[in-house]
């Protein structure tokens, strides 16, 4: 018997929402159970970030979301990648010479097997993956317990790979996105993480490469961006930076202050904090160490963790997408409602201009 066609399964989840707004899974603290529940309760779809949590902590976070909302939500996992140690010792020496106190450069798999086992035993509606393509068996096992599967992709080739293993949809990440780029391969020769596709161009290229639901992410912080992503073929828009200023978010004070500072520099892509390409607001640590940072994840992440823990805006990672100056400090439910209203207004205006022609 042929395998069932699951290409529209995620669209049945996401297009059933009151708002086509997806909360991005922001690992390291910003995405809290309160934030996930608030977005889902407002008619969007919240994702818990499983990255950096052990299975016990992830299980507690899942239970906390369920205790706050009966609405659907998802969980994101980081896939462990190839271990690389080249340049790690030298980078640690560089940080020590700069007067910093780095941690040990340990390698681990982020507890991935245990977290996957948890999600197989205690399923959630959707599981998404970042930093690689899940194994076909993993996708099949998640399907068997009723979970739908998304993979994060940054180029058409990754989209084809993910489609081939049977995922239900793709999170299409443009280069404008804040935090980690979801590239499959952490290539030492390519500090930016592959060709930098803008979101709209990438959506159209991926839509031409595969036939499945697409969730757009990268640089979307207002309703006009949501409308643009939907017009370009996405079934929903995933936003992370837009929610960093919400009171329900676990965003650190220095990070909140940087988002609201009109005098801070622009964003840049760096490996300096974790060993994987990620976009953040420029600060002295990013500027001074980006060129020297090796492609060694998670060793660099563990080395810089105690440095970042001090909360000094000069030395901590200030992840943000390119459009972060447009972020608004609103409660999550209000933000979801505003995004939906803005998207409807933008779509109406665009439809009107298409119907009547551009005024000259």
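The values are calculated or read from the model by the stated rules, or taken from the named source; none is laboratory data. What you see is a predicted model, and the numbers here were worked out from it, not measured in a lab. Cβ atoms come from the backbone with ideal geometry, glycine included; neighbour counts cover every protein chain shown.
State whether one or more residues within the stretch 65-79 are exposed (fewer than 14 other Cβ atoms within 10 Å of the Cβ), over 21 Å from the mean Cα position of the chain (by Cα) and not in a loop (DSSP other than H, G, I, E, B).
There is at least one residue in the stretch 65-79 that is exposed (fewer than 14 other Cβ atoms within 10 Å of the Cβ), over 21 Å from the mean Cα position of the chain (by Cα) and not in a loop (DSSP other than H, G, I, E, B).
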From 166, 182, residue being more than 15 Å from the chain's Cα centre (by Cα) and assigned to a loop (DSSP other than H, G, I, E, B): 166
Boolean, residue 243 is in contact with a strand residue (DSSP E or B) (Cβ under 7 Å, 6 or more places away or on another chain) and touching a residue at least 24 places away in the same chain (Cβ under 8 Å): yes
Meets criteria (modelled with pLDDT of 95 or more, within 18 Å of the chain's Cα centre (by Cα) and in a loop (DSSP other than H, G, I, E, B)) for residue 315: no
Qualifying residue in the stretch 110-123 (condition: farther than 20 Å from residue 299 by Cβ, within 25 Å of the chain's Cα centre (by Cα) and in a loop (DSSP other than H, G, I, E, B)): yes
Residue check, residue 78 within 29 Å of residue 153 (Cα to Cα) and out of contact with any helix residue (DSSP H, G or I) (no Cβ under 6 Å at 6 or more places or on another chain): yes
Residue among 219, 233 that is touching a helix residue (DSSP H, G or I) at 6+ places or on another chain (Cβ under 9 Å), within 18 Å of residue 178 (Cα to Cα) and not in a helix (DSSP H, G or I): 219
Of all residues making up the stretch 166-182, the number that are farther than 14 Å from residue 241 by Cα, buried (at least 24 other Cβ atoms within 10 Å of the Cβ) and touching a helix residue (DSSP H, G or I) at 6+ places or on another chain (Cβ under 9 Å): 6
Condition met for residue 34 (touching a residue at least 40 places away in the same chain (Cβ under 8 Å) and in a loop (DSSP other than H, G, I, E, B)): no
Matching residues, the stretch 257-281, being outside any strand (DSSP E or B), touching a helix residue (DSSP H, G or I) at 6+ places or on another chain (Cβ under 9 Å) and buried (at least 16 other Cβ atoms within 10 Å of the Cβ): 258, 259, 264, 271, 272, 273, 274, 275, 276
Criterion violated by residue 59 - all others in (1) surrounded by 18 or more Cβ atoms within 10 Å (Cβ to Cβ); (2) modelled with pLDDT of 95 or more; (3) in a helix (DSSP H, G or I) satisfied: (1)
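What number of residues in the stretch 46-61 are more than 18 Å from the chain's Cα centre (by Cα) and farther than 10 Å from residue 115 by Cα?
Selection size over the stretch 46-61: 1.
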Among (1) part of a loop (DSSP other than H, G, I, E, B); (2) surrounded by fewer than 18 Cβ atoms within 10 Å (Cβ to Cβ), the one test that residue 132 misses: (2)
Single residue of the stretch 325-334 satisfying the filter (out of contact with any helix residue (DSSP H, G or I) (no Cβ under 7 Å at 6 or more places or on another chain) and part of a helix (DSSP H, G or I)) that is farthest from residue 36 (Cα to Cα): 325
Contacts under 6 angstrom Cβ, first residue in the stretch 320-337 being within 15 Å of residue 24 (Cα to Cα), partner surrounded by 19 or more Cβ atoms within 10 Å (Cβ to Cβ) and at pLDDT below 95, 6 or more apart: 336/19
When residues of the stretch 1-33 are limited to those that are surrounded by fewer than 17 Cβ atoms within 10 Å (Cβ to Cβ) and either farther than 20 Å from residue 168 by Cβ or at pLDDT 80 or above (or both), the one nearest to the chain's Cα centre (by Cα): 29
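Looking only at the stretch 187-202, which residues are over 14 Å from the mean Cα position of the chain (by Cα) and buried (at least 23 other Cβ atoms within 10 Å of the Cβ)?
193, 202, listed by residue number.
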